[in-house]
Amino acid sequence: SDCCDEETIKLPVPDSVRFQAELEFVQCLANPEYLHYLSLRYFEDEAFIAYLNYLQYWKRPEYAKFLLFPHCLFFLDLLQDDKFRKEMKHIRTKELIWEQQFHFWRHYQRNRQQQAAADQT
């Protein structure tokens, strides 16, 4: 039996194909390179902007629990702002976001350990 069929995992929406496609797309929003790509092609399209707004349902716990890259929700929020969408067209903005992500993940475990130790005192 397939570990990911609808019998094994009860998906919160009946259309599992749509659920999987939207899950994959939302998680791609955690990638600054992909955001830059989208900015050059779709951020002027009102239908696409409406789609980004529609995707905010992923912030609800019953959907967010499926995300492997939850920081994509941070970018989903930023993409609601026209100024951020315009800034993503600039290569330097993309590079800056990538650098910040890199440093966050590079120090993530140490920062979590320090925070846990501080919380215990």
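Bear in mind that the values in this text are calculations on the coordinates, not laboratory data. All of these numbers come straight from a predicted model, not from anything done at the bench. As a convention, Cβ positions derive from the backbone with ideal geometry for all residues, glycine included, and neighbour counts pool all protein chains shown.
Once you place label points 7 Å from the Cα toward the Cβ at A47 and C28, how far apart are they in nm?
Using points 7 Å along Cα→Cβ, the separation is 1.7 nm.
Can you give the FRET efficiency to the nearest 0.05 for Q80 and Q109, using r as the Cβ-Cβ distance and R₀ = 35 Å?
The calculated FRET efficiency here is 0.70.
How big is the charge dipole of the stretch 11-110 about its Cα centre, in debye rounded to the nearest 20, if each Lys and Arg gets +1 on its Cβ and each Asp and Glu gets -1 on its Cβ?
340
Identify, among Q115, H90, Y57, the residue whose Cα sits farthest towards the positive end of the charge dipole of the chain, taking +1 on the Cβ of Lys and Arg and -1 on the Cβ of Asp and Glu, with the dipole about the Cα centre.
Comparing the listed Cα positions along the dipole, Q115 ranks first.
Run lengths n ≥ 4 of DSSP H only: what is the helix-derived mean residue ellipticity at 222 nm for the chain, with -39500 (n - 2.57) per run over all residues, to the nearest 500?
Computed ellipticity for the chain at 222 nm equals -20000 deg cm²/dmol.
Identify, among Q101, C28, A47, the residue whose Cα sits farthest towards the positive end of the charge dipole of the chain, taking +1 on the Cβ of Lys and Arg and -1 on the Cβ of Asp and Glu, with the dipole about the Cα centre.
Going by the charge dipole, the pick is Q101.
Take the alpha carbon atoms of the chain, find their radius of gyration, then divide it by 2.2 N^0.38 Å using N residues; give the quotient.
Compactness ratio reported: 1.25.
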